[in-house]
Each structure stands twice: as C-alpha cells, then as structure tokens.
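Scroll down for the structure; my scribbles are underneath it.
Since every read-out is calculated from the coordinates, none of them should be taken as a lab result. This is a predicted model, so every value here is computed, not measured. Please note: Cβ atoms are built from the backbone with ideal geometry, for glycine as well, and neighbour counts cover all protein chains shown.
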Amino acid sequence: MAMLRKDTHFEIHHLNEPKLLKVITLDEFIEQGLAVCAGSAEFGDLLLWLPNEERLRSPHLLSLPVGGFLIPEPLIGDFDSMRPHLHSPKDADVVQPGDVIAITPGNAMVRVLYRRGSDSNLLFMTDRCNSLCLMCSQPPKDIDDRWHIEENLRLIDLMDSDEENLGISGGEPTLYRDGLLEILAKCKAVLPQKSIHVLSNGRLFQDPSWIAALSAISHPQLSWGIPLYADNAEDHDHVVQAPGAFSETLQGLYNLARANQIIEIRVVLNRLTTPRLPELAHYVFRNLPFVRHVALMGIESTGLARKNYEELWIDPLDYQESLSQAVYFLFNRGVPVSIYNLPLCLIPAHLSRFARQSISDWKNLFIDTCQQCAAVKHCSGFFKSHTDRWQSRGVQLLSTEAFSAYARSAQ
Amino acid sequence: MWDFAVTLIATDAKHYRLLPFRFMRMNTGHDRDILLTSDTGEYMHVNDAQLRALSYFDVQASTHFYKDLLARHFIYEPGRHDPFPEMAAQYRSRKDFLFQGPALHLFVVTLRCNHTCQYCQVSRAPLGGSGHDLSEADAQAAVDRLFESNAPALTVEFQGGEPLLAFERVRQIVEWVVDRNVVEQRDIQFVITTTLHHLTEEILDFAEQNRIQFSTSLDGPAPLHNANRPTPSRDSYERTVKGIQWVRERLGHDAVSALTTLTSRSLEQPEAIIDEYVNQSFSSISLRPLSPYGFATKSAHRLDYPIERYLAFYKKALAYLLHINQQGVYLSESYTSLLLKNILTPFSSGYVDLRSPAGAGTAALVYNYDGYVYPSDEARMLLEMGEDGLRLGTVQQPLSELLGSTVMNALLASGVAEALPGCSDCALVPYCGADPVEHYARQADPIGHRVFSSFCKKNMGLLKHIFGLLCDGDDNVQRVLLSWLNRRSYNDVRFPGYRG
Ligand code: SF4
Ligand code: SF4
C-alpha cells in the first residue's frame, strides 16, 4: 500500500521569494474565486492548477492575476510567462487541487502544508521543547523558529473551511505562548468547522494565567493530547528526562480542566511505561476524572527512540496482559480508551475493538507479510520508520478465519 | 558534628512522609487482610508486614508497593512531588454534591391511603379522612421553594399516603412547575410514588405528557406482598402488578420502578422476592431494611428485626443476584450499586443516606401535607409518632431561612461523618455517610453511639462484604458488579480488568 508523502520535487521557475500558495483549479477559480480560502487571501496567494492541455487550448489563462501556475505533469511546449510556475512533479500524486504548498527559491522541494480532505493536517509550531523524552520521534532543536507562527497564521487563511481535524504540534507548542493563543483564536474565527487537537506536554500550563487565556478563546472543538508516562514522579520524569515535569504536568492538567478544556491522556507503550500501565490507568481515573479519552500508543521507532532502543524496546506480545488490564479497567468505568499504532496481529482479539487505524496516511507502512493478510484494511500497520529490530516476534498474517474472530469480538 | 550526622541519618531514613490514612482489619482470613483507605477514598489491601513497614518508614523506594502508596496518596516524597493538587481534586470529586442545593423535593400531597400496612400505621389516614391533604396555597409555596434551590437537576416526587388519591393537586403542582420551568430551564424529573391501585387513563395521559415516572412498592410474590400490605379486598399484589403492566403499556417499560419493603417475613425468602422481580422484568431491586420510623410501638416487636438478620439476608440475596446475573438476567441491587460507585470511583453516589455532610435537608426536602417542611421523609414520620423536633419550618418561609434553621444547624453539627466519634477512625468513612435523623430516632441523640447504631452495622456489614467480593470474588463476580456500576450488560463487561 502506497503511502502519500508530504513533499516532492518539481521544476520551479521564476520564483524570487518564499511563498505559501493555495492550489486551485480553473473551475474553482471561476466559481469561488478567493472564497475557496477560509480566511483572507489575495489572488497572488493562488496557484492555478493548469494541465498542458488547458494551457495550450487557452493560452490567455496565463494572464490571470494569480500568484503562479502548477502544471501537474511534464511541461509540453513553451511556457510564455515570467510568472512563477512549477512543472514535472517527481510524484504526481503528492500535490492536488485544494492543497496549500510552501516553496522557496533555489529549492526544488515542494512541501504540502495542507492537504484537502485529510484529517492528518498539522500546524507545526516549533522544533523547540522543554522536555527530552527518551522516545521522542522528533528530537528538539534549540533554535529560534518563531517564523512558524507567521507561516501558520497564513496557512490558516489559505485552508478550506470544511469540517476536518487539524492538529497542532511541535516540539512543544506552548513555548510560543502568544503565538499559540493567536493561532487558536484564529482557528476559531476562520476555521470554526475544524476540530483542533494540540499535542503538548502540558508543563507550562502550571502557570494559572493560561486559564483565563484559554477560557477567553473558548474554542468549542479544541482538545489537548497530554502525555503521562507513570503514576509517580520518578518514573515519569525519567521518561521525559526532566526533573519536576510530573508535578508541572499534573498542575497543568488541573489548570486545563479549570479552563474547561477537553483533555486526552496519551501514553507511549514501551519497556518503561508498560509494567505499571494498569496502575497508571487507575491513577488517571482517580485523579483526573475529567479526562475524555485515553490513548495507549505503540512506539514510533524513529528519532531518539532508536538511540534508546535497549531501554525502550519491549515486544508488544510481552505487555498484552498489562495492556488488557489497563484497557478494561478504563472501559468498565466509562472512560473512552483507544489503542493506537499496534498492528492487529499483536493484540488479542478481545482488544481489537479498541484498536484504531491511527497512523497518518503519509507515514503509514505495511510490510510484505501484510499483503496477504485478511486484516490489512482494518489494521494500523506500521510507521514508515519501521525496522526489523523493532518488529515483534508475533507479526503474522491473519487468515480469514482468524480475522473473523477479531471482527466478531469487535461487535 | 554528631548532631549533624544524626539529622542526616534521620532525613535519609525518612525518605517519605505519611499522608492521613485509616486502616481496618477485614477478617477475611487471608494474608492481605488489612484495608488501608485515604481520606479521599483511595484504598489498598495490605498485609500486616506491609502496614508495619509503612508506619515505620521502612518501605523500600522503587518497589511496586512503594509506588502504589505514592500513587494513591498514602505517602509523599517531600521535595520531589507535591500531591496536594491531586488530593484536592479527589476531595472535590467526592464531595461534589456540596456545590448544589437540595435536588430531591418530596411533596406529601395527602396522608390518605387504602392500605392498612402494619409498619405504616402512623403515616397514613383513612381513605375518607379529611384535613390530611396539602392545601393549594401550601403547594404553591412549595413550588417556590423548589426553584429557590440552585440545583440544575431537580426531582419532584409525590408521596403519601397514596398521592393518586389527591391527583388534582399533583396535576396542579406539575403544571405550575412546568410553567415556571419555561424560564428556569432546569432539568426536571417527576416521580409519583404509588401503589398504582388508583391509576386511570386520565392519569396516564397526563403522565405521558409530562414524562412522569412511577415508583411503586412490590414486596415479593403475592402471599408475601399481600401479607405485608393488607387491603379490605386482599388483592394489593394483583392490583399493583396490573398497574405495572398498564404503565408499561402506555409509557414504556422503564416508566415504572419498584421498591421493596423488607419485613421480618421477607427475610426468610430472598430468592422468592428476587424471582418476583425477574418475573416482572425489573432491572433493579432495592433491598433496604425497614426503617424504624413508621412503627407503632405495639407492632414494632413483631416487625422489627436485628440488623444482623438483615445482613444475613442481604448476603444470601446478593449471592443469588450475582448468580442470576451471570445467567444473563440484568437485575442490580440499587444500594449495592451506590456503594460500588463510592468505592470504585472518585465520585460519590450523592445518595441522600450516604452523604457526609448528611443529606437530610441539604440534598432533600419534604413538604408535608400540613404545610411544614422536613429534612427527610424519616424526620416527617418522627412527627407522626409524636416527636415534633425535626421540622425546619413552614413552607411559607424562604429556603434560606429553612436551611438556616436551628434544626438544620443541629443536624449538620452532627452530620459530618469524618468528625463523628467512631466514624472518624473508621476506614470505611470515605464510602459511608452520616444519618443524624436515624440516630436521633433510635438513640434520641443525632450523634449517637456507633456500637448501638444499626445505621453503622448495616453500612459496615455491607461495605465489608462488598470489599470482600471485590478483593476475592472470581472474574465473573467482578463482571456483574462492574456491569451494575455503569448499567451495562454483563456481556459487555467481558473482562474485569485491573482490580485496583
Ligand atoms: S500482518 Fe496483518 S495484522 Fe499484522 S500488521 Fe500486517 S496487516 Fe496488520
Ligand atoms: S457509620 Fe460505621 S461504617 Fe460508617 S463510617 Fe461510621 S463507623 Fe464506619
């Protein structure tokens, strides 16, 4: 199964400055014009989707006052314009009408910042972080990258206004407090139909001034995914490599609750977090009863996780019991719980009703074994970073009969 | 130098500090016989050696036991993590009911009744009796009191006597409440507590329009029910069952629930009573002991029973319920479900009798037919027995005045279980409640002595039994109890999960 990347190369001409552009077809341009963008936009923000055939048929289209042109195939004939234009994509599927792309002069790389209709779109806030989790998939960098704020504010304007899920993450997005608050307020104003999910370690929320700030925004569809790795400070602080983090995150969670925020607790499953997983579930239920969802997530074998393989790796088969105890503890008490990122062949059939296909389309992978598997259409599969070292001894294709046992127990 | 060394050693040895906790031996006969509970309702079963290690600061850091103690706020590590925000949150969850004024409002619209139940001689009047009905002016004032409470969800319950004998007053009150609620916008539930003997099409029509629930009494199979509830025609059971069917036909299966009165006779037949509830396809049964209030002294001896007999009955009944639930029948025992909520969740059931501070007056108010307001139904019955000490005032006084009354002050002063002699040291106090009215009735003292308290014997007996089941019961027993906790089917609770 092919995964859809978020970037590809084009041949790019006449680009003098970095640009964020909304790809738009001629039909859309005629019918909707600038209204195709959720927020305020100018014609210069539009990139007209112009296959060779249309251009050759109507060369006058090149005089439209748009920001540039995208030829989604190898260029045929001459391109009679000094305006920016892109052609000959390396992978023609990556950029599609409706998407918002970023391009910079002197670089053939086209990055898709917004993909129309996808629920995995992300506002990336920063590479900086105040923790250094052992399994961090995107190791933080100590740089000033405030420019992300401006870019995201622009990006919001250029998105479709449709109902979709939109993520905000980093790094640690709360490090740019004012920028984040501005973005959340803008999401509410410009993208009221999109539900927003922010990933944060929650530590900075220990500052109670966030309560008023978030209450003032009062976004109706905003939720926070906050990781908690243990029911005690020693273990949690070790996983996130930050003394005091446990206390800060807990106070942060209470402040979020005071601001009436929707909160999800996220636990990455590894050798350090699984031994007390049932106790952690107990802790969450007893101390954080306002939590709306608990996500128990298989580890992504990338970034720092690779470096800390010895300390982190545990075969999911070896924590099945712990996982099952935790899941049913929560489920029986009415707390919604999900299992993310774990292939179906690695969890017992009776847990399959909690398993979600959680891996974003652009980084999802199915290995050779999966090709003949009856479960492949329902399975989360693997991260594209998957390697043999991180492969459970239990990965095996499920026969139709075996999979129907999963399907039965999901009812 | 020497002093310094000692201090160092002392701090080192005490790498943790104790947080307030209570403990109790459960007499289960197995190793982990001691129940540890925190103020906020966390609990652990431990053995003698563990309790000793805990109190001598001898628990080894980094062990599972140590982490369990930390995570459940039995101990904390100064300088590492301050658990007070979590403990505060737990307190808040458990005492959440304090943020609301009275939510349950009982309207005693008449004392008249067609029954001559032995245990209820004093809180009813004969069918044709006069001067036993709530007046229109008092009813109107009661509706004002109802809306003075800040509770967002209100239950308006009609009681008697037999409230259907005063249906016109019921209708009036419902209509006033519905009218007022156009502006008030509360979540209101109407309940009529009735034998269902006096149902009419007209009453059912009205109930349908206003989504009124019925709560009836069903004591068991016909012989038991009719013996408990004499009527001139000796057909109380038949008429009630007919009423149940009629309500269900018109308003849906769940529009009627039933309560059981357990007389001395009932205690001999737990299975028969439960089977009757299964036959009538109820999903919950309430096996509460008889309260002492309604008795005339004469019949008290015949009907009252020692609480030990009730506890033996309860255990048999519960075992039978656990058994049939595993066969696919859903029938929960309601008091057990409330206690399960108190034990297994950070919340309180909020049930009037299981609150501390006590629920009388703070959770419920009774508007008596004579225009006086009482903190509970039991307090009202005390009056009918000749005690007049427990009324809060008249229905014409504003709610703030009623809740600020001397009686209310006295009840609250003896209504905080955590501060009552006996309860303050009891490991079960986070899950129990305070009932000053019952103690006043039985011991003529709202505080009372726990050793002679049937309230205490009952709750301690039930709580210990339930803790025993939660600790030692097999997976299927856990599944039934968990299915009651969230009103899910037994099959939906496929695995009990971590026992906590
Ligand atoms: S083999 Fe089947 S169940 Fe296992 S990961 Fe592949 S698709 Fe999923
Ligand atoms: S009434 Fe009895 S069981 Fe309840 S808290 Fe008091 S002493 Fe404990």
For residues of A:321-333, the mean tally of beta carbons on other chains within 10 Å: 5
Helical mean residue ellipticity (222 nm; -39500 (n - 2.57) per DSSP H run of 4+; nearest 500) of chain B: -12500 deg cm²/dmol
Net dipole in debye of the protein assembly as shown [+1 Lys, Arg Cβ; -1 Asp, Glu Cβ; about Cα centre; nearest 20]: 1780
Sparsely packed GluC sites (Glu not before Pro) within segment B:362-456, loop by DSSP, other Cβ within 10 Å at most 15: B:E387
Förster radius 45 Å - calculated FRET efficiency between B:A410 and A:E310, Cβ distance, rounded to 0.05: 0.10
Protection proxy ranking of A:319-326, B:158-165, B:37-44, A:59-66 - average other beta-carbon atoms within 10 Å, highest first: B:158-165, B:37-44, A:319-326, A:59-66
Per-pair calculated FRET efficiency, R0 = 51 Å: B:H449 and B:Q60 via Cβ, rounded to 0.05: 0.75
Spacing of the two label points (7 Å from each Cα toward its C-beta) at B:N181 and A:D78, in nm: 8.0
Relative exposure of B:S266, A:S380, judged by other C-beta atoms within 10 Å (fewest first): A:S380, B:S266
Given charges at beta-carbon only (K, R positive; D, E negative), |dipole| of segment A:68-182 in Debye: 320
Translational diffusion coefficient (Stokes-Einstein; Kirkwood radius from C-alpha pairs) of chain B at 37 °C, 0.692 mPa s, in µm²/s: 134
Top positive-direction residue, dipole computed over the protein assembly as shown with Cβ charges, set B:S149, B:F23, A:V66: B:F23
In Hz, Karplus ³J(HN,Hα) per residue of segment A:304-320 (6.51, -1.76, 1.60; θ = phi - 60°; x = Gly, Pro): 5, 3, 4, 5, 9, 3, 4, 7, 9, 5, 9, 5, x, 4, 7, 10, 3
Average beta carbon contacts from partner chains per residue of A:105-114, 10 Å cutoff: 0
Chain A: calculated mean residue ellipticity at 222 nm from DSSP helix runs of at least 4, using -39500 (n - 2.57): -7500 deg cm²/dmol
Evaluated over the protein assembly as shown, the Cα radius of gyration and Dmax, each in Å: 33.6, 112
Average beta-carbon neighbours from other chains, 10 Å sphere, peptide A:286-292: 6
Per residue convex hull volume, Cα atoms of chain A, in Å³: 154
GluC sites (Glu not before Pro) within segment A:160-201: DSSP coil, no more than 16 neighbouring Cβ in 10 Å: A:E163
Mean Cβ neighbour count within 10 Å, used as a protection proxy, ranking A:260-270, B:315-325 highest first: A:260-270, B:315-325
Positive-end residue of A:V100, B:N226, B:Y369, charge dipole of the protein assembly as shown with Cβ unit charges: B:N226
Pairwise FRET efficiency - B:N491 versus B:A153, Cβ, R0 = 41 Å, nearest 0.05: 0.85
Three principal axis lengths of segment B:4-94 [C-alpha, angstrom, descending]: 46, 33, 19
Amide hydrogen neighbours beyond the local backbone of B:I75, cut-off 5 Å, H modeled: B:L19, B:L70
